[in-house]
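Have a look at the structure below, then the notes.
The values are calculated or read from the model by the stated rules, or taken from the named source; none is laboratory data. As the structure is a computational prediction, the values presented were derived from the model and not from experiment. Glycine gets a Cβ as well: all are built from the backbone with ideal geometry, and neighbour counts include every protein chain shown.
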Amino acid sequence: MALNGLMDFFARQDLARRNTTMLIALMALSVICLAGTLCLVVFAFSYYRNPFRAVDEAYLVYGWIFIGTIALVAAGSLWKTWEVGQAGGRGIAESLGGRLVDSGTADPADRRLLNIVEEMSIASGVATPQVYVLDDETSINAFAAGFTTGDAVVAVTRGTRDQLDRDALQGVIAHEFSHILNGDMAMNLRLIGVVHGVLLIALTGRLVLRSLRHVRTSNNKNGGGIIVAAVLLGVTMLVVGYLGWLFGQIIKAAVSRQREYLADASAVQFTRNPDGLAKALATIGSNRSTRISAPNAEEASHLFFGEAINPFLGMFSTHPPIPERLRALRAMGSTVVVADGATAAVSASVLADSGDHAVQALAPAIAAEPATAVRPLAAKDIAALAGSVSPSDVVWSRAILAALPPILRRSAQDTVGAQALCLALLLDRRPEFATLQLDLLERTEPPALVREIRTLQPHALAAAASALSLVSLAAPALRQLDPPKRRAFLRSCADLARHDGLVTMHEYAISRVLTHHLSPRPQANLLPLKPLLDDAALVLSALAHAGAGFVSATADRPPRSAATAFAAGVRLLLGRDGSLPLTPAEGLLPERLDRAFDRLGGALPGVRRRLVEAATAVVAADGTVTAAEAELLRLVATALEVPLPAALGG
């Protein structure tokens, strides 16, 4: 399905998966060719010295060379991919000289940058990434990195932060968010590992040659022959390895260039303001540099918004030329002028209203009645909104942020306050049970944290319909906790949710999303629907039982039947003739739901689309959906690795 001329979220995810498969296949083919070349060179040398022996040893010696070369590349790729995975987006940013921007910063430039990232995060339904500034880089550039949305970071150079106005900066951030939503980040990090594996052949050849400097020559004919053979092997590995590395660079550049065009188009779709992104590109084209001076910039060059290094030839360029990107944006309505292949000055016309008036009108309504607004949800329409951002979504996200009590926004900016905020969101709405939960926290948590929770409790209760937005805002601060403290915090959340022996879907969903944000795990995304039917039935049952407790807000109807809502979801998932068993409420144990979400998160993109459609059908079974139900749907979709925008049908 296409959305406004672009592929939808699931199609983009599927394309990223296919591109990764194609990339690995091409690199595997190149490695096989490299291994074969090594074998041919060694065979030619052996044949020259002793033709009969060369033929006799072909199956043994050359077979080992062939297998050893492939094993060397595979081991190098896996090791580098593991190393990058352990570091995550944060490690990439810090290795390039990035400074983590404090969530509570008072610096105006950093604050503006954080505000834009938070708005785009709430609008798209993606956890707010940590934000880095490369203070030593005066050029205009940026990147997003991470294996999942849970460990993603967005980084900009100091030049980007200081030289671009708000519209241009928002265009750059929207471009980077499109890389997050399009599934590019994991592919880009795997590229680093694959290319490094091929380079390892050359590095091994260099090591062989260096080691020969300490070997004394011998008058013995055999000894001299061994040294000559070792020199030939080292030189061959060096040459072949660098040829393979160059081939890998060409593949990396070709894949990256196509993804940049898609990211530009997605950014325009998100903001409906092609001039914002075009102003950033035109600023770069007006004698501004995108070059990155960090020592390892070459390794991460394909991650950036613009060309991070000077390419040797056009085929090694990881980004399309600026004039070509500007022409594409002009076709989308940009007023930036491109003439004679060069960028001219940006139009001085005032850009469209940024939505301030709409924000001022929406914020009081959201703050006054956050749980009673009714939105009509159609299953297929909601699935089409996944991974997309529209200008109305951005306005809605700004209104949500403006409507949040200042005390909650402030609490999300440091590690203690962020923990207190999330724990306050898990407190029961019934006073008697909330009292029991607070007693539990008194026994298990530090006094300062409990005092903060008590202070936030009434505000968190009033803002329950914005739970996902609040959790998203708290995510960057929570990610600063070291691993043991993260695990302890997640255990506290789980214990709090299970305090009365019955975990509501709202409590479970918040706890699950926090786990998703703080303990991200890359998914294979390869499972079809059939082996996942039991898991799907369990999640739809949980939604049906949760929805049965909500009363329609537009008509005097009794709460809908869980069985009726469940049947609506199954019909959409499997068709009219399909059937699945409804799990009783007492069988919805958190451990079972955890296993179900773990498996469903690894489903094929098309399967996850059908799961979101089925979940929407369950929530909307009575024809109306409250803001609380829509928020629950967004929480469940996030646990399925499907980000939904804040303004569902609104």
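Quick one: which residue in A460, A475 is touching a residue at least 12 places away in the same chain (Cβ under 8 Å), touching a His at 6+ places or on another chain (Cβ under 7 Å) and not charged (D, E, K, R)? Outline the logic, then answer.
Details: A460 fails: touching a His at 6+ places or on another chain (Cβ under 7 Å).
Result: A475 is the single residue among A460, A475 that is touching a residue at least 12 places away in the same chain (Cβ under 8 Å), touching a His at 6+ places or on another chain (Cβ under 7 Å) and not charged (D, E, K, R).
Of the residues T204, T157, which single one is among the polar types (S, T, N, Q) and modelled with pLDDT of 90 or more? Lay out the reasoning, then the answer.
Values: T204 fails: modelled with pLDDT of 90 or more.
Only one candidate passes the filter, namely T157.
If we scan segment 290-297, do we find a residue that is at pLDDT 50 or above, out of contact with any Phe, Trp or Tyr (no Cβ under 9 Å at 6 or more places or on another chain) and either of a type in the set (A, V, I, L, M) or not in a loop (DSSP other than H, G, I, E, B) (or both)?
Step one: list which residues in segment 290-297 are at pLDDT 50 or above, which gives 290-297.
Then keep just the ones that are out of contact with any Phe, Trp or Tyr (no Cβ under 9 Å at 6 or more places or on another chain); that gives 291, 293-296.
With the extra rule that they be either of a type in the set (A, V, I, L, M) or not in a loop (DSSP other than H, G, I, E, B) (or both), the set shrinks to 294.
The answer is yes, given that some residue of segment 290-297 is at pLDDT 50 or above, out of contact with any Phe, Trp or Tyr (no Cβ under 9 Å at 6 or more places or on another chain) and either of a type in the set (A, V, I, L, M) or not in a loop (DSSP other than H, G, I, E, B) (or both).
Taking A352, is it modelled with pLDDT under 80 and not in a helix (DSSP H, G or I)?
Values: modelled with pLDDT under 80: yes; not in a helix (DSSP H, G or I): yes.
Criteria met by A352.
Does segment 635-650 contain at least one residue that is in a helix (DSSP H, G or I) and over 14 Å from R512 (Cβ atoms)? Before you say what the answer is, go through the steps one by one.
We begin by selecting, within segment 635-650, every residue in a helix (DSSP H, G or I); these are 635-639.
Imposing the further condition that a residue be over 14 Å from R512 (Cβ atoms) reduces the set to none.
No, because not a single residue in segment 635-650 is in a helix (DSSP H, G or I) and over 14 Å from R512 (Cβ atoms).
Where residues in segment 446-465 are buried (at least 20 other Cβ atoms within 10 Å of the Cβ) and modelled with pLDDT of 85 or more, which of them is farthest from A628 (Cα to Cα)?
Across segment 446-465, the extreme among qualifying residues is E452.
How many of the residues in segment 394-424 are under 19 Å from Q130 (Cα atoms) and either in contact with a strand residue (DSSP E or B) (Cβ under 6 Å, 6 or more places away or on another chain) or outside any helix (DSSP H, G or I) (or both)?
Number of matching residues: 3.
Residues being among the β-branched types (V, I, T) and farther than 17 Å from M505 by Cα: count how many of those fall in segment 568-619. Walk me through how you get there before you give the answer.
Initially, segment 568-619 is screened for residues among the β-branched types (V, I, T), giving 570, 583, 607, 612, 616, 618-619.
Applying the additional criterion that residues be farther than 17 Å from M505 by Cα yields 570, 607.
Residues meeting the conditions: 2.
In the list A106, A186, which residue meets the criterion of being over 26 Å from S289 (Cα atoms) and outside any helix (DSSP H, G or I)?
Details: A186 fails: outside any helix (DSSP H, G or I).
Criteria check complete, one pass: A106.
Would you tally the residues in segment 573-626 being of a type in the set (G, A, S) and either closer than 24 Å to A494 by Cβ or touching a strand residue (DSSP E or B) at 6+ places or on another chain (Cβ under 9 Å) (or both)?
Taking segment 573-626 as the starting set, the residues that turn out to be of a type in the set (G, A, S) are 575, 578-579, 585, 587, 596, 601-603, 606, 614-615, 617, 620-621, 623.
With either closer than 24 Å to A494 by Cβ or touching a strand residue (DSSP E or B) at 6+ places or on another chain (Cβ under 9 Å) (or both) added as a condition, the list becomes 585, 587, 596, 601-603, 615.
Adding up the residues that qualify gives 7.
Going through A142, A202 one at a time, which residue ends up being small (G, A, S) and outside the structural domain of L72 (by TED's automatic domain parsing)?
Values: A202 fails: outside the structural domain of L72 (by TED's automatic domain parsing).
Testing whether each residue is small (G, A, S) and outside the structural domain of L72 (by TED's automatic domain parsing) leaves just A142.
Checking A384 against (1) assigned to a helix (DSSP H, G or I); (2) touching a helix residue (DSSP H, G or I) at 6+ places or on another chain (Cβ under 6 Å), which test does it fail?
(2)
Looking only at segment 597-606, count how many residues are in a helix (DSSP H, G or I) and either of a type in the set (D, E, K, R) or buried (at least 20 other Cβ atoms within 10 Å of the Cβ) (or both). Steps first, please.
Going through segment 597-606, the residues in a helix (DSSP H, G or I) turn out to be 597-600, 605-606.
Then drop every residue that is not either of a type in the set (D, E, K, R) or buried (at least 20 other Cβ atoms within 10 Å of the Cβ) (or both), which leaves 597-600, 605.
So the answer is 5.
Here is a check on your reading of the model: is L427 assigned to a loop (DSSP other than H, G, I, E, B) and modelled with pLDDT of 85 or more? Talk me through it step by step, then tell me what you get.
On the way: assigned to a loop (DSSP other than H, G, I, E, B): yes; modelled with pLDDT of 85 or more: yes.
Criteria met by L427.
Being farther than 18 Å from Q480 by Cβ and within 20 Å of the chain's Cα centre (by Cα) is the filter here, so list the residues in segment 97-116 that pass it.
Listed by number, the residues that qualify are N115, I116.
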